[in-house]
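Written out below as structure tokens is the structure these notes cover.
The values are calculated or read from the model by the stated rules, or taken from the named source; none is laboratory data. All of these numbers come straight from a predicted model, not from anything done at the bench. Positions of Cβ are backbone-derived with ideal geometry, glycine not excepted, and every protein chain shown enters the neighbour counts. All accessible areas refer to the heavy atoms of the entire protein, side chains included, with ligands and DNA or RNA removed. Shrake-Rupley method; radii C 1.70, N 1.55, O 1.52, S 1.80 Å.
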Amino acid sequence: MTSGTKITSEHIRTLKGRGRLAALTAYDYPMTRLLDETGVPLLLVGDSLGMVVLGYPDTTRVTMDEMVHHVRACARAKPNALLVGDLPYHSYETPEQAVSNAQRLIAAGAEAVKAEGGQEILAQVQAIHGGGIPFVGHLGMLPQHVLEEGGYHIKGRKDEEHARLLADAEALTTAGAFAIVLELVTPPVAAEITNKISIPTIGIGSGPDCDGQILVTHDLVGTFPWFTPRFVKPKLQTAANIKAAVQEWMRDLEK
Ligand code: KIV
């Protein structure tokens, strides 16, 4: 539990090696408030909002304006959790663009930003960090590249992927990231990265040996029943409960 203490990126960094860094996504005011009341220390306004809130087929169409709108809503909940905002696809093509868009998310109420990629975005990461904005990396399967890659593929099986992931994680750490999300990385490679770098890894579908875990909240609580990733066991059947409640209410109207 956060017990009323405001969580900072420095605090998240201290959770390295302790295996209990929980993180969830949030996209609006009520869910941010509810999740914050549980004491979860990190909330990500992820660009997954494109899929689970806005109805896009993937995250590639999410815009900066949409991210800013949802970050603002979440920030109104004034969470104790650290509020991280995602930089959407094509919003960090150059260091200048990355800093300017990261500043927009910060002005909207984010306290840190996340972007997908490793050494290919190092200049952007250095510029964001150099501008005093806390940065979270994202390696492994990069959803913003789903169209080029032709699907959501597990990373780290091939030797060159394994070597690249390690080098990317080390480069992001040196560039100033305070944590790195590892998405769909093979569990042994995720464990190796976790042991090698000095900042927390936050896994999603990457096995149990990361410093923390993150999930899309809709997957955990069952509010997006049309697709659930294989590695998630929903804790609630919210969609079925909503339908049952509405049907009961409609039956009541007929009485
Ligand atoms: O956009 C998102 O929700 C994410 C998480 C899945 C890590 O990047």
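Which residues, taken from the range 50-70, are within 14 Å of the chain's Cα centre (by Cα) and acidic (D, E)?
None - no residue of the range 50-70 is within 14 Å of the chain's Cα centre (by Cα) and acidic (D, E), so the list stays empty.
Tell me which residues, restricted to the range 177-198, are over 16 Å from the mean Cα position of the chain (by Cα) and not basic (K, R).
Listed by number, the residues that qualify are T186, P187, P188, V189, A190, A191, E192, I193, T194, N195, I197, S198.
Among the numbered criteria (1) over 19 Å from L44 (Cβ atoms); (2) in contact with a Cys (Cβ under 8 Å, 6 or more places away or on another chain); (3) among the hydrophobic types (A, V, I, L, M, F, W, C), which single criterion is violated by I202?
(1)
Among the residues of the range 191-220, which ones are among the charged types (D, E, K, R), open to solvent by 10 Å² or more (accessible area, probe 1.4 Å) and either within 16 Å of the ligand (Cβ to nearest atom) or part of a loop (DSSP other than H, G, I, E, B) (or both)? Explain how you work it out, then say what you get.
We begin by selecting, within the range 191-220, every residue among the charged types (D, E, K, R); these are 192, 196, 209, 211, 219.
Restricting the remaining residues to those that are open to solvent by 10 Å² or more (accessible area, probe 1.4 Å) gives 192, 196, 209, 219.
Within the range 191-220, D209, D219 qualify.
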